[in-house]
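> Structure provided below as structure tokens; questions to follow.
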Amino acid sequence: MAAEEIECHVCGASNPKGSERCTSCGARLSELASELTEEELYARRHQPEGFEIRWVFISFGLFLIMAALALALLPMVIPAYDPQGFAGIVITILLWFLGAAAINYVSPGKQLLEPPVGGLLAAIPTMIFLSSIADVYQLSVGAYVLGTLMATMMALMGAFVGNLVRADREEPRPPKKRSRRPKAA
């Protein structure tokens, strides 16, 4: 496509740069590089800026480390602590929420999808581990699948909470524009 043409956002047809409407479908054309107003920027403040695979790997690693500490090493230190069955699943769900909140709190952008994807990938080996250590409280496979899904959902919620907690994310709301119309008598 030449530099003097813009692509229609509806049908994808090429149009001359100065056109108001698409020559193919008639949709209104707008400049792709248009600047957003302050109100639009404020409305988009919680939207993700893109998907970065490195934050998936960071989330995956953090979740596995937290699971190893809470579910494998801590029972070796505290003999009375036994994360079998339902208790292990609940601990995993809480860890995924806190981990996703921490990841989104420290990440430079809004990583809302990366922690849940990393959490889903890390929940699979975690639930397999929980199933393998269960000697008294053996749950069904469905319970572990449900635990994986719940942990992933809580990671999504934790990512959103981490984004809200970040103090430097909050931008002041733009002042409302007042109408210059004269008031009716």
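> If we scan region 83-94, do we find a residue that is more than 23 Å from G162 (Cβ to Cβ) and of a type in the set (F, W, Y)?
Here is the first cut: in region 83-94, the ones more than 23 Å from G162 (Cβ to Cβ) are 83-88.
Of the ones still in play, those that are also of a type in the set (F, W, Y) are 86.
Taking every residue of region 83-94 in turn, at least one turns out to be more than 23 Å from G162 (Cβ to Cβ) and of a type in the set (F, W, Y).
> Need the failing condition index for G109 against (1) within 13 Å of T148 (Cβ to Cβ); (2) not in a helix (DSSP H, G or I), just the number.
The one condition G109 does not meet is (1).
> Answer yes or no: is there a residue in region 104-122 that is among the aliphatic types (A, V, I, L, M), closer than 18 Å to A70 by Cα and without any contact (Cβ under 8 Å) to a residue 40 or more places away in the chain.
Yes, because at least one residue in region 104-122 is among the aliphatic types (A, V, I, L, M), closer than 18 Å to A70 by Cα and without any contact (Cβ under 8 Å) to a residue 40 or more places away in the chain.
> Within region 60-80, can one find any residue that is under 30 Å from Q111 (Cβ atoms), more than 27 Å from the chain's Cα centre (by Cα) and modelled with pLDDT under 85? Reasoning before the result, please.
Looking only at region 60-80, we keep the residues that are under 30 Å from Q111 (Cβ atoms), and these are 60-74.
So of that shortlist, the ones also more than 27 Å from the chain's Cα centre (by Cα) come out as 72-74.
Add one more test, that the residue is modelled with pLDDT under 85, and what stays is none.
For region 60-80, residues under 30 Å from Q111 (Cβ atoms), more than 27 Å from the chain's Cα centre (by Cα) and modelled with pLDDT under 85: absent.
> Right, another one. Might you check whether a residue that is within 16 Å of L149 (Cα to Cα) and either assigned to a helix (DSSP H, G or I) or touching a residue at least 60 places away in the same chain (Cβ under 8 Å) (or both) occurs anywhere in region 70-80?
No, the conditions are met nowhere in region 70-80.
The values are calculated or read from the model by the stated rules, or taken from the named source; none is laboratory data. All of these numbers come straight from a predicted model, not from anything done at the bench. Heads up, the Cβs are rebuilt from the backbone with ideal geometry, glycines too, and the neighbour counts pull from every protein chain shown.
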